[in-house]
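Read the structure below first, then the notes.
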Amino acid sequence: MKLSYIKTLLDADILTGEENAVFEKTEIHTACGCDLMSDVLAFVKDQSLLLTGLINPQVIRTAEMMDIVAICFVRGKVPPQEVIELAKDRGIALITTKLPLYLACGELYKEGLGGKKSAETL
Amino acid sequence: MLKHYDISGTDFSVAGEASSNFKVVLKKLGISPDIVRRVSIAMYEAEINTVVHGGGGECDAEVLDGCVKIVFKDDGPGIENVELAMQEGYSTASDTVRELGFGAGMGLPNIKKYTDDMKIETQVGVGTKITLIVNL
Ligand SMILES: Nc1ncnc2c1ncn2[C@@H]1O[C@H](COP(=O)(O)OP(=O)(O)O)[C@@H](O)[C@H]1O
Ligand SMILES: [Mg+2]
């Protein structure tokens, strides 16, 4: 699923510049919704999207370690500017949606974006 | 190829900078993405522990012939019961750390999962040294 389509589905706003080209070409295969960074770190997969209610710099760091290419903040949350800058610097796209975590994940799942049941993907 | 990092024990917002920097180094060396990711995750969890539990310290990360070796050292409180600390869900992290998304007691189990070898040397009241090995 294209990141641009995810943005539309979640009626989300882009936080990291207006580079629509990136959103058109970034393909998201799996996503996970989580507020526990250690849980995110326990699941390894390629090219994924993280949906979270946390907005501290460690969310960006976690995404960076996991090669997660995009983060969607839920419930209308917007991280501080320095967190946005960190994401820009690392090439991670940030969007924000008004939807709560459960509904945002549900919308994407309904449209066919899967998750991963097992952590044993290494 | 050895990289040395000082790990601040007071500024949680910079926790992960060493791991981030070393990840770039590994990528530049052309090491396979799977291995880079495993090293990065394990190193990041260890770095977070050095910050939030160890009160800061230092890190030496190097690429050797057949493996990547990373050592974190701190002069913190030490770990009283390593076996217990290794259990999933065991954590003494503060509420502040939990609010940031850590402190679920998954760090050491994650490190074990993503490394080929890990060693914890620790003494209560003296500090902790953790060594991570990921084979190339
Ligand atoms: N460097 C360290 N210094 C002192 N205690 C540590 C250190 N690293 C880990 N610990 C102890 O081991 C426990 C488990 O660590 P970990 O599995 O990473 O979980 P978490 O960091 O979420 O608490 C910590 O809560 C802490 O009590
Ligand atoms: Mg930890």
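Springs between Cα atoms under 10 Å define the GNM used for chain B, and in it the highest mean-square fluctuation of B:Glu62, B:Glu47, B:Glu121 occurs at B:Glu121. Would you work out if the stretch A:3-109 is rounded, prolate or oblate? Take a ≥ b ≥ c from the square roots of the eigenvalues of the alpha-carbon gyration tensor; rounded if a/c is under 1.5, else prolate when a/b is larger than b/c, oblate otherwise. Rounded.
Using the rule -39500 (n - 2.57) for each DSSP H run of four or more residues, divided by the residues of the protein assembly as shown, the 222 nm mean residue ellipticity is -10500 deg cm²/dmol. Summarising the label geometry, the points placed 7 Å from Cα in the beta-carbon direction at A:Glu107 and A:Thr8 lie 1.3 nm from one another. Build a GNM of chain B with springs between Cα atoms under 10 Å: which of B:Asp60, B:Asp34, B:Asp117 gets the top mean-square fluctuation? In the Gaussian network model the winner is B:Asp34.
Measuring r between the beta carbons of B:Leu2 and A:Arg90 and using R0 = 22 Å, the FRET efficiency lands at 0.35. With a 10 Å cut-off around each Cβ of B:93-106, the average count of Cβ atoms from other chains is 4. Amide H contacts of A:Gly33: A:Leu51, each under 5 Å away and 5 or more positions distant or on a separate chain (H built 1.01 Å from N in the peptide plane; Pro and chain starts excluded). The shape of the stretch B:2-135 comes out prolate: with a ≥ b ≥ c from the C-alpha gyration tensor, a/c is at least 1.5 and a/b beats b/c.
Comparing B:Asp116, B:Asp65, B:Asp75 in a Gaussian network model of chain B (Cα springs below 10 Å), the most mobile by mean-square fluctuation is B:Asp65. Subtracting the Cα-Cα distance of B:Ile35 and B:Glu58 from 0.36 nm times their residue separation leaves 6.0 nm of extension gain.
Here's how it looks for A:Lys2: its modeled amide H is under 5 Å from those of A:Ile28, which are all 5 or more places away or on a different chain. Taking amide hydrogens as placed 1.01 Å from N in the peptide plane, the amide H of B:Ile7 sits under 5 Å from those of B:Gly57, B:Glu58, B:Cys59, each at least 5 positions away in sequence or on another chain. Between chain B and chain A, the total buried accessible area stands at approximately 2100 Å², from heavy atoms with a 1.4 Å probe. Near A:Ile55, once Lys and Arg are set to +1 and Asp and Glu to -1 for all other residues with Cβ below 12 Å from its Cβ, the sum equals -1. Accessible area per residue was computed with a 1.4 Å probe on protein heavy atoms; B:Ser94 scores about 50 Å². Note on A:Ala21/B:Val124: beta-carbon distance plugged into 1/(1 + (r/R0)^6) with R0 of 51 Å gives a FRET efficiency of 0.40.
The values are calculated or read from the model by the stated rules, or taken from the named source; none is laboratory data. Just so we're clear, the structure is a prediction, and the values are computed from it rather than from any experiment. Don't worry about glycine lacking a Cβ; one is built from the backbone with ideal geometry, like all the others, and counts go over all protein chains shown. Keep in mind that these areas ignore ligands, DNA and RNA; they rest on the heavy atoms of the full protein, side chains included. Shrake-Rupley method; radii C 1.70, N 1.55, O 1.52, S 1.80 Å.
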